[in-house]
């Protein structure tokens, strides 16, 4: 079935970004050309160590984030960056999300009933 | 941690709505005061029978959707409606989503770096 035939399929909503915690992580990183440290990111997103690690792994596996591990003095320190690919794909995701939001807002306003063939009540 | 302290926690993004298939289902239903039949909903959202059933169950359990089962002639027929609660909660979700989108768009434009204390690079 094509997207035109299933107008509410939302195939463009990349599941990697369309998850609450990851949306927060990526938004936090998007404005940071020099990246963010693990503990700053944890605080900004209100996540536990375990949850942040798990979601960063998903983002790294997708090629959207890089994790640079090193030391800050004697303490281990991880700096997280959004990759170019991650930035491009996130921008594309936001475009789709914007369309979804417009469609949903029209629907909740009760005006999105044109051109849809449905069985009468 | 309060929301103000974790600005990217997005606690208001209800997980019931913030899932790609359910977002399509609820948007489809939002514009339909008289609901939609199961097969119309399946076509609009590009879902299989199994997936649609599973997601409708999550929405029904949350009290956001009602499923009226009956017969269309001799064929079993299920009509799906958004409840008042579902409609109200979806409107609230869309408000949060709109804020998220604004924040993310600002961040990808590179201007969302004010007022955040971070460790220098």
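The values are calculated or read from the model by the stated rules, or taken from the named source; none is laboratory data. Keep in mind that what you see is a predicted model, and the values were worked out from it rather than measured. Backbone-built Cβ (ideal geometry, glycine too); neighbour counts: all protein chains shown.
Report yes if residue B:21 is at pLDDT 95 or above and surrounded by 16 or more Cβ atoms within 10 Å (Cβ to Cβ), otherwise no. Spell out how you get there, then give the answer.
Numbers: at pLDDT 95 or above: yes; surrounded by 16 or more Cβ atoms within 10 Å (Cβ to Cβ): yes.
For residue B:21, the condition - at pLDDT 95 or above and surrounded by 16 or more Cβ atoms within 10 Å (Cβ to Cβ) - is met.
Count, please, the residues in region A:40-60 that happen to be surrounded by fewer than 18 Cβ atoms within 10 Å (Cβ to Cβ) and assigned to a helix (DSSP H, G or I).
Qualifying residue count, region A:40-60: 8.
Quick one: in region B:8-39, which of the residues that are more than 14 Å from residue B:67 (Cα to Cα) and outside any loop (DSSP other than H, G, I, E, B) is farthest from the other protein chains (Cβ to nearest Cβ)?
B:22
Would you call residue B:67 modelled with pLDDT of 95 or more, in contact with a strand residue (DSSP E or B) (Cβ under 9 Å, 6 or more places away or on another chain), surrounded by 13 or more Cβ atoms within 10 Å (Cβ to Cβ) and farther than 30 Å from residue A:42 by Cα?
Criteria met by residue B:67.
Restricting attention to region A:56-97, which residues are in contact with a helix residue (DSSP H, G or I) (Cβ under 8 Å, 6 or more places away or on another chain), within 12 Å of chain B (Cβ to nearest Cβ) and under 16 Å from residue A:20 (Cα atoms)?
Listed by number, the residues that qualify are A:90, A:94, A:97.
Among the residues of region A:13-41, count how many are within 16 Å of the chain's Cα centre (by Cα), without any contact (Cβ under 8 Å) to a residue 12 or more places away in the chain and closer than 17 Å to residue B:6 by Cα.
As a first pass, look at region A:13-41 and keep what is within 16 Å of the chain's Cα centre (by Cα): A:13-32, A:41.
Filter once more, keeping what is without any contact (Cβ under 8 Å) to a residue 12 or more places away in the chain: A:15, A:20, A:23, A:27, A:31.
From what's left, closer than 17 Å to residue B:6 by Cα: A:20, A:23, A:27, A:31.
Result for region A:13-41: 4.
For region A:61-70, name all the residues that are within 9 Å of residue A:81 (Cα to Cα) and not in a strand (DSSP E or B).
Across region A:61-70, the qualifying residue is only A:64.
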